[in-house]
Every structure is written in structure tokens, then in C-alpha cells.
Ligand code: AVJ
């Protein structure tokens with residue numbers, strides 16, 4: 001009997017990443033409990049401007065956003081893809097409630113635990129909110145559920161999560177989302193914009209070392225979950241930003257020749273001195289490039305909501 005069929009998804013993904021050239025590890029595995037906490041610390045640091053910018057947009061333009069997505073206060077479902085702790089969204093929820101809009105908030109997240117916490121937190125502040133949790137991978141959930149929501153859907157995809165895909169995969173993702181949407185559904189997506197490259201690099205190369213911990217936590221997780229023996233002392237966090245591709249990239253670099261054994265795969269991987277393993281991309285767009293991305297994936301840009309520094313946009317697509 002082959003052991004291959006018994007391999008966990010994470011073991012398979014790691015095997016795929018480490019046998020491909022150049023080597024990669026998927027960034028989605030950053031987010032275990034420790035990773036969720038580290039990401040919350042990242043969002044709280046001043047260098048990580050993305051969070052503050054999106055907060056500012058929601059705080060100052062919630063009314064514009066509401067009037068654009070729900071003229072005449074037509075009821076809608078607010079479906080948030082990858083909701084996380086939903087702290088930014090709460091600014092919108094509060095405003096929509098104050099204006100007496102009829103809507104149901106449907107946060108979707110891979111982590112059922114995080115969703116329960118989110119629900120508890122949100123209901124503390126907004127006890128009358130209609131809320132329906134959807135736990136699971138949002139691609140799969142959308143496939144099963146997208147046609148089953150009654151009424152009009154407004155999808156939220158915040159925080160520049162789309163930046164974790166390169167342009168080709170972003171286009172495919174958005175096309176797939178578009179295919180499942182109905183004629184008067186809409187998408188409000190948060191996207192980090194091109195800006196002074198040194199500002200961008202600092203957001204991923206913070207002086208506190210939190211982003212480094214976030215990246216290293218991936219190795220810790222693999223050690224625990226698939227029995228790897230990565231030795232953190234011989235790995236370095238190396239972030240880059242290339243203004244031409246608009247890609248901020250994170251690498252883990254092996255600082256000496258070494259071997260890593262992975263129990264779940266019963267495989268040993270050799271790394272050369274200074275060999276890089278690519279772990280994450282955080283792509284930045286210009287407004288023109290975003291317009292092209294919208295067209296390529298079957299959307300029209302209805303409105304762009306920007307922060308005062310024009311660092312970040314929440315773009316509304318139909
Ligand atoms: C949550 C994917 C938007 O790419 O900016 C933050 C994750 N990685 N610092 C990003 C992240 C390093 C973040 N996203």
C-alpha cells in the first residue's frame with residue numbers, strides 16, 4: 001500500500017514546494033495559532049502601514065462606500081472572504097447599522113475558532129447584527145454556496161490579501177469569483193498600491209523582527225506538524241521589494257550547507273549554502289494596473305476609495 005495517499009495536505013504541499021525549482025513553501029501555512037498572533041502584531045506596528053490606511057478609508061469614507069454599494073439602502077449580504085479577526089470590517093458594520101441598513105454579515109474563514117471569536121467580539125459591540133458564519137476554504141465554499149445566498153451579495157476581500165497571488169493567479173482567482181457572482185453582486189477589494197519602495201520594504205523588514213518571527217514560524221510549524229527538523233539558527237529571513245514587478249518577496253535563506261529530514265515524507269532535503277526558499281509574495285499595483293486586472297477578470301471598476309497618502313485603495317468592482 002502506498003503511503004502517498006495518507007499524506008496530509010500540508011506534507012504534500014511542502015513536498016511540492018521543496019522539489020520545485022526554485023524552491024518554495026506556501027505562505028498560507030503561516031497562519032497557525034502562533035502565526036495568527038504574529039500577524040496581529042504585524043498589523044499593530046507602525047511600519048505596516050496597510051492596516052492603518054484601510055482603517056482610515058473605512059473611518060472617513062464609510063458613508064460614500066455605503067451609498068455606492070447600497071443606493072437606496074437596498075438589502076444585501078456582506079460576505080467577507082478570509083475575515084480573520086474582522087477588526088477593520090467592524091468600522092463598516094457599525095456605520096451600516098447606524099444608518100439602519102438591512103444586511104447580513106457572512107464572514108468566511110478557514111479557521112472555525114477564529115470565526116467563533118469574531119462573532120463573539122462583533123456581537124458584544126453590535127448585538128442586533130445578523131451574522132452567519134461560514135467556516136472553510138473560501139474557494140470551495142463559494143463553489144457550494146454562492147448560488148444559495150438569497151438576494152444581493154457584496155463580497156469583501158480586504159487587507160491586500162489578493163497580493164499573495166502573482167498577477168496570473170490573481171486573475172484566475174478573480175475570474176472564478178466573477179463566474180460565481182450574479183449580475184448585481186459587487187466586490188470591494190483592498191489593494192496595496194505602488195509607492196516609495198523604501199516604505200514598502202520597511203513594512204516587510206521591520207526593525208522589531210516581528211516579520212522575521214512570522215517567517216521563521218513557518219519552519220517551527222513544519223517541525224511540529226510534519227516532523228521536520230529545520231534548525232532556525234541556520235536560516236535567515238530575507239525580504240525584498242522590486243518596484244518593476246511590484247512584488248515584495250520573502251525568502252528563507254540557508255546560511256550553510258545542511259540537510260533537513262521530514263518524517264511525514266520520510267525524505268531528506270539538502271540545501272546549499274545561501275540557497276533561498278521563497279515563502280511569500282505581496283504584490284503592489286498601480287491604479288492603472290488594477291484597472292487592467294479588473295478587465296482581464298471580467299469586472300468594471302465602479303469606484304476607488306483611497307487613503308489621504310494614496311498608499312492603499314479599496315476598489316469597488318461590478
Ligand atoms: C495578510 C497577505 C496581506 O502580504 O502584506 C505581512 C501578510 N506578510 N507581513 C501581506 C504579511 C508579512 C500580508 N497579507
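No lab work stands behind these numbers, since they all come straight from the coordinates. Fair warning: this is a prediction, and the values are worked out from it, not measured in the lab. Reconstructed Cβ throughout: ideal geometry from the backbone, glycine too, with neighbour counts over all protein chains shown.
As a proxy for reagent exposure, ranking 68, 279, 24 by other Cβ atoms within 10 Å from fewest up yields 68, 24, 279.
The relative contact order of segment 175-318, computed from alpha carbon pairs under 8 Å that lie at least 6 residues apart in sequence, is 30 percent.
The ranking of 274, 235 from fewest to most other beta carbons within 10 Å of each one's beta carbon is 274, 235. How high is the FRET efficiency between residue 21 and residue 167 when r is their beta carbon distance and R₀ equals 22 Å, given to the nearest 0.05? E(calc), rounded to 0.05, equals 0.55. For residue 47 and residue 286, the FRET efficiency from 1/(1 + (r/R0)^6), where r spans their Cβ atoms and R0 equals 25 Å, is about 0.70.
Could you work out Rg/(2.2 N^0.38 Å) for segment 1-140, with Rg from alpha carbons only? Mind showing how you got there, number by number?
Details: Rg = 18.8 Å, N = 140, 2.2 N^0.38 = 14.4 Å.
Against the compact-globule rule of thumb, the ratio is 1.30.
The convex hull defined by the C-alpha atoms of segment 132-273 has an orientation-averaged projected area of 11.9 nm². Length gain on complete extension for the stretch residue 176 to residue 87, per 0.36 nm per residue less the alpha carbon to alpha carbon distance? So the chain would gain 29.3 nm between residue 176 and residue 87. When only Cα pairs below 8 angstrom with a gap of at least 6 residues are kept, segment 236-318 shows a relative contact order of 21 percent.
Distance between the modelled labels on residue 37 and residue 6, one decimal in nanometres: 3.3 nm (7 Å Cα→Cβ projection).
Hey, can you rank 58-64, 210-216 by average C-beta count inside 10 Å, highest first? Before the final figure, lay out the partial values.
Working: 58-64: 16.0, 210-216: 21.3.
Final packing ranking: 210-216, 58-64.
Extension gain, residue 263-residue 296: 0.36 nm per intervening residue step, less the Cα-Cα distance, totals 7.6 nm.
Using R₀ = 22 Å, calculate the FRET efficiency as 1/(1 + (r/R₀)^6) where r is the Cβ-Cβ separation of residue 140 and residue 225; round to 0.05.
0.55
With just the Cα atoms defining each centre, how far is segment 126-140 from segment 171-222? Give it in Å. If you average the Cα positions of each part, the centres end up 21 Å apart. If you take the alpha carbon atoms of the chain and fit the smallest convex hull around them, that volume is 143 Å³ per residue. For the chain, relative contact order (Cα pairs under 8 Å, six or more residues apart, normalised by length) works out to 21 percent.
Applying D = kT/(6 pi eta Rh) to segment 141-209, where Rh is the Kirkwood radius over alpha-carbon pairs, T corresponds to 4 °C and eta to 1.567 mPa s, the Stokes-Einstein value obtained is 90 µm²/s. This ranking places 14, 224, 91 by how few other beta-carbon atoms lie within 10 Å of each, fewest first, which gives 224, 91, 14. Need one word for segment 9-76: rounded, prolate or oblate. Basis is the Cα gyration tensor (sqrt eigenvalues a ≥ b ≥ c); a/c below 1.5 gives rounded, then a/b vs b/c decides. It comes out prolate by the Cα gyration axes. Under the rule a/c < 1.5 gives rounded, and otherwise a/b versus b/c splits prolate from oblate, where does segment 89-156 land using the Cα gyration tensor? Taking the square roots of the gyration eigenvalues as a ≥ b ≥ c, segment 89-156 is oblate.
Take the Cα radius of gyration of segment 169-236 and divide it by 2.2 N^0.38 Å, N being the number of residues; the result is 1.72.
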